[in-house]
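Data block below; observations after.
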Amino acid sequence: MDELLPLLVAVPLLGAALLVAGGRLVSRPVAETIGCAVSAGTAALALVLLLNCSPPFLEWAGDWTPVDGRSVGIVLTGDGPGLGMAALASLLTLAALAYSWHYFDEPPHGHAGSFPALLLLFQGGMCGFAIAGDLFNAFVWFELMSVVAYALTGHRVEEARAVQGALTFAVVTSLGAYAMLMGIGLLYARTGELGMHQIGRGLDAHGRPDALVLAAFVLVMTGLLVKAAAVPFHFWLPDAHAVAPTPVCMLLSGVMVELGVFGVWRVYGTVFSGPGGVPAPEFERALVVLGALTAVIGAVMCWYQRHIKRLLAYSTIAHTGLFLIGIGVLKPEADDGIALYVLGHAGVKAALFACTGILLDRYGSVDEHALHGRARELKGVAVLFVLGALGLAGLPPFGTALGKSVTEEAVGGPLTVLYVAASAVTAAAVLRVAARVFLGLGPRPEAGSGYETTGSGERPETRHRLSRIPDTMTAVPAVLLAGAVAVGVAPGFAKVVAHSVNETGSAGVFTSVHWTPAGVLLGLVSTLLAGVLAVLAVVRPKPFAAPDRALPLRRLQSGHVGDYVAWVLVGTTVLGALTLPGMLGG
Amino acid sequence: MDVFPYLVAGWVFLAGCYGLATSRNLIHAVGCLSVCQAGTYVLLLTVGYRDDATAPVFSDLKPGSRPVVDPVVQALTLTDVVVGATVTALLLALVVQISKRHGTVDPDELSELRG
């Protein structure tokens, strides 16, 4: 079975090559069918491997197996979490391809295959990153998925904003990637190995951590946290999401950002968790502080947006903060909870983006204020949008609710309040949009402070404005939401996820995951809170609009690439300062 | 071990970052990103360097007769160069497009996405 592992990367890459080479010869439906078939095939392969991955696969590419414990080969790891992320990425790619089926902007003549080819490349990069067992390869896949993501973000090159957002995204993420490469170089200098397990063993053999280990940790984590959009590395994300085509947003928010979190979890767990790495309390402090900051800033900024795609982007940032806290506390139960939370979140968030895409293509706007009451006739989309908001709030039985309740129980104390508050505020913002746009409730909001991206005057992504919504565009969000519910209710599913996460993550500690009365109650509380907030905001817009004291926070999001680079450096310094004390102490 | 090359690598990287943060021209900014990347090349090659060693090409060298520098980091650097070329090309293409659509390559004047 393990020799099938490289196919997870090879199949999408070959499919993309085929589409690039033959794309000019075939018609659009043929190219899109090939794209769907290839991504579906990869998804099926990932699922088959996932079901058989106990014990985890280890594949040395080209049979370059280690000799006397020293390795020069490339190792791929097919364990539960890695294959799970690969399966999630493949399924979401399939969803994005199905969503863009025929509706998406007519490609230039003779380039029918370019968009599906790019999506397949993206899928290949994400699958490769998920199963990489070696740090340098993880960097290469990280770059492949990033470069394709920049190209996809700026896919509509004739749009002024699209190229600007893509450039910001590209500069900030590339800088993060180079920082990560510096860290990898330092680790290689210390251990002479590139495989993650081998590096971890090499560090432990060397003894207590020193400045080099700290520098390597900070640099590698910088790259991964830029991808994960943790504050203050997050500035690229709202800009990129605001301008990227809808199917791309589904992938960016649904799985690519989560791959950054997954990378942090994987790299800490295999490289830095031993006695020669970073002590657990330091890692915990760094991730919980950054995660809490991310959750708070993401939720606050989400509330103040009127550009619906930016609003959803900030909600992704808030949830990433929650994910980071979950993996930061280093408890097996929290890891299980986060795995379920990520799966549920991917379905819900991708569905919300899909619904927003329908608004964009029908009304040529994603501005909450301009769309006030205009989407009354879209009853079905309204239902999906509200369901998505409830899933975001963590209403049982959504998978988000199960994951959130398991994590809340594991992190305990004041952090539980943060989980409830952040999910309630982000969901309330989405509910507010639903109430205004689909139901036309409340007075028409007045013009804001001016320092914002409005989202009106966007060009639809279809050839013409849609007069009838194609079935594929409503079926995809419905299926995604059904998937998010299935994560929570499918019998035994949570146990399987928990088992496969624990098998690789927590050194033999297996935990059981199930609904608890307290978890259900907290889910209901955050949903109720979201509903109340949304109603208040719609009925009395004035006190809930952006106050002047929020302006400094909004001004940070200046759209200036130089500012964002400076913030990345600040973040790297903060990460170092948070990790340093324990290294000095012992 | 000589720390000087490591300091150079760090310096080059930070100089690139400084350029990126203060740049008034996007083409210049893309160049600065390449400077950051040059810092990573210096670091990688430094890691593999050995005193009095030669290139790891065994066509005219009896294996074991002389020390050679680490070929792994050279392979890594080469991969890094390829990655960097792709990124730089894509970035410059985006800058060309920004120049066409916005009529400027000064990041201070690109203020459509904010708040």
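Please give me, ordered by residue number, the chymotrypsin sites (Phe, Trp or Tyr not before Pro) of segment A:50-106 that lie in loop per DSSP and have at most 13 other Cβ atoms within 10 Å. Walk me through the numbers on the way to the answer.
Working: sites: A:PHE57, A:TRP60, A:TRP64, A:TYR99, A:TRP101, A:TYR103, A:PHE104; in loops: A:TRP64, A:TRP101, A:TYR103, A:PHE104.
In loop regions of segment A:50-106 (DSSP not H, G, I, E or B), the sparsely surrounded chymotrypsin sites (Phe, Trp or Tyr not before Pro) are A:TRP64.
Going by Cα centres, segment A:508-524 and segment A:203-262 are how many Å apart?
28
What share of the DSSP beta bridges in the protein assembly as shown is antiparallel, in percent to the nearest 5? Kindly include the intermediate steps, with their values, before the conclusion.
Details: 8 of 9 bridges.
Roughly 90 percent of the DSSP beta bridges within the protein assembly as shown come out antiparallel.
If you take the beta carbon distance between A:LEU25 and A:VAL496 as r and set R0 to 51 Å, what does 1/(1 + (r/R0)^6) give as a FRET efficiency, to the nearest 0.05?
Numbers: r = 44 Å, r/R0 = 0.86.
Once rounded, the FRET efficiency stands at 0.70.
Sort A:7-17, B:36-46 for me by packing, meaning the mean count of neighbouring Cβ atoms within 10 Å per residue, highest on top.
Working: A:7-17: 20.8, B:36-46: 23.0.
Top of the packing list down: B:36-46, A:7-17.
Using unit Cβ charges (K, R positive; D, E negative) and no other charged atoms, how large, in debye to the nearest 20, is the dipole of the protein assembly as shown about its Cα centre? Present the calculation step by step, with values, prior to reporting the outcome.
Values: 41 positive and 47 negative charges, 424 e Å.
Roughly 2040 debye for the protein assembly as shown.
For a quick check: sort A:ARG156, A:ARG266 by the number of other beta carbons within 10 angstrom, fewest at the front.
Values: A:ARG156 17, A:ARG266 27.
The most exposed by this proxy come first: A:ARG156, A:ARG266.
Cα centroids of segment A:304-360 and segment A:420-442: how far apart, whole angstrom?
Centre-to-centre (Cα) distance: 15 Å.
Over its Cα atoms, what ratio of radius of gyration to 2.2 N^0.38 Å does segment A:179-315 give? Can you show the working numbers first?
Values: Rg = 16.9 Å, N = 137, 2.2 N^0.38 = 14.3 Å.
It is 1.19.
Which GluC sites (Glu not before Pro) from segment A:327-414 combine a DSSP loop assignment with at most 15 other Cβ atoms within 10 Å?
Details: sites: A:GLU333, A:GLU368, A:GLU377, A:GLU408, A:GLU409; in loops: A:GLU368, A:GLU377.
Sparse-neighbourhood loop GluC sites (Glu not before Pro): A:GLU377.
Rg/Rh for segment B:6-82 to two decimals, with Rh computed the Kirkwood way over all alpha-carbon pairs.
On the way: Rg = 16.2 Å, Rh = 14.0 Å.
The Rg/Rh ratio comes out at 1.16.
Which entries of A:LYS227/A:LYS379; A:LYS309/A:LYS495; A:LYS379/A:LYS542; A:LYS379/B:LYS100; A:LYS309/B:LYS100; A:LYS379/A:LYS495 have Cα-Cα distances beyond 30 Å here?
Details: A:LYS227/A:LYS379 36 Å; A:LYS309/A:LYS495 34 Å; A:LYS379/A:LYS542 28 Å; A:LYS379/B:LYS100 41 Å; A:LYS309/B:LYS100 25 Å; A:LYS379/A:LYS495 36 Å.
Long pairs (Cα-Cα over 30 Å): A:LYS227/A:LYS379; A:LYS309/A:LYS495; A:LYS379/B:LYS100; A:LYS379/A:LYS495.
Compute the long axis of helix B:26-48 from its Cα atoms, compare it with the longest principal axis of the Cα atoms of chain B, and write down the angle in degrees, 0 to 90, nearest 10.
20
Just going by the charge dipole of segment A:420-482, with Lys and Arg at +1 and Asp and Glu at -1 on Cβ, which of A:PHE438, A:LEU466, A:LEU480 is farthest out on the positive end?
A:LEU466
Averaged over A:178-191, how many beta carbons belonging to a partner chain fall within 10 Å of each residue's beta carbon? Please list the in-between numbers first.
On the way: counts 14, 5, 1, 13, 8, 2, 5, 15, 4, 1, 8, 9, 1, 0.
Mean partner shielding for this stretch: 6.
Hey, got the average number of other protein chain Cβ atoms within 10 angstrom for residues in B:91-98? Numbers along the way, then the final one.
Values: counts 7, 0, 6, 15, 2, 2, 10, 8.
Mean partner-chain Cβ count within 10 Å for B:91-98: 6.
Find the percent of Cα-Cα distances in segment A:221-292 that exceed 17 Å, and round it to a whole number.
Numbers: 1238 of 2556 pairs.
Every Cα pair in segment A:221-292 considered, those over 17 Å come to 48 percent.
State the extension gain, in nm to one decimal, for the chain segment bounded by A:ALA577 and A:ARG468, taking 0.36 nm per residue of separation less the distance between their alpha-carbons. Let's see the in-between values first.
On the way: separation 109, 0.36 × 109 = 39.24 nm, distance 5.51 nm.
The A:ALA577-A:ARG468 span can extend by a further 33.7 nm.
Would you pull out the residues with amide H under 5 Å of B:THR54's amide H, same chain only if 5 or more places away, H placed 1.01 Å from N?
B:VAL68, B:VAL69
Per the Kirkwood treatment, what hydrodynamic radius in Å, one decimal, follows for chain A from the mean inverse distance over all distinct Cα pairs?
Numbers: mean 1/r = 0.0423 Å⁻¹.
It works out to 23.6 Å.
Give or take rounding to whole Å, what are the principal axis extents of the alpha carbon atoms in segment A:470-560, in descending order?
Computed over the Cα atoms, the extents are 52, 41, 37 Å.
Just want to confirm a number: the relative contact order over chain A, from Cα pairs under 8 angstrom separated by 6+ residues, in percent.
Details: 1116 pairs, mean separation 90.1, N = 586.
Relative contact order comes out at 15 percent.
Over all distinct alpha-carbon pairs, what is the Kirkwood Rh of segment A:119-227 in angstrom? Write out the running numbers ahead of the final one.
On the way: mean 1/r = 0.0673 Å⁻¹.
One over the average 1/r among Cα pairs gives 14.9 Å for segment A:119-227.
As I understand it, the dipole of chain B uses +1 on the Cβ of Lys and Arg and -1 on the Cβ of Asp and Glu, about the Cα centre. Which of B:LEU94, B:TYR49, B:VAL12 lies farthest toward its positive end?
B:LEU94
Treating only the Cα positions of segment A:346-441 as identical point scatterers, give the base-10 log of I(q)/I(0) from the Debye formula at each q in 0.23 Å⁻¹.
-1.09
Report the calculated FRET efficiency for B:GLU112 and A:VAL532 (r = Cβ-Cβ distance, R0 = 35 Å), to the nearest 0.05. The partial results should precede the final answer.
Details: r = 35 Å, r/R0 = 0.99.
Approximately 0.50, to the nearest 0.05.
Read-outs throughout are calculated quantities, based only on the coordinates presented, and are distinct from any laboratory measurement. All values derive from a computational prediction rather than experimental measurement. With ideal geometry, Cβ positions are generated from the backbone for all residues, glycine too; neighbour counts draw on all protein chains shown.
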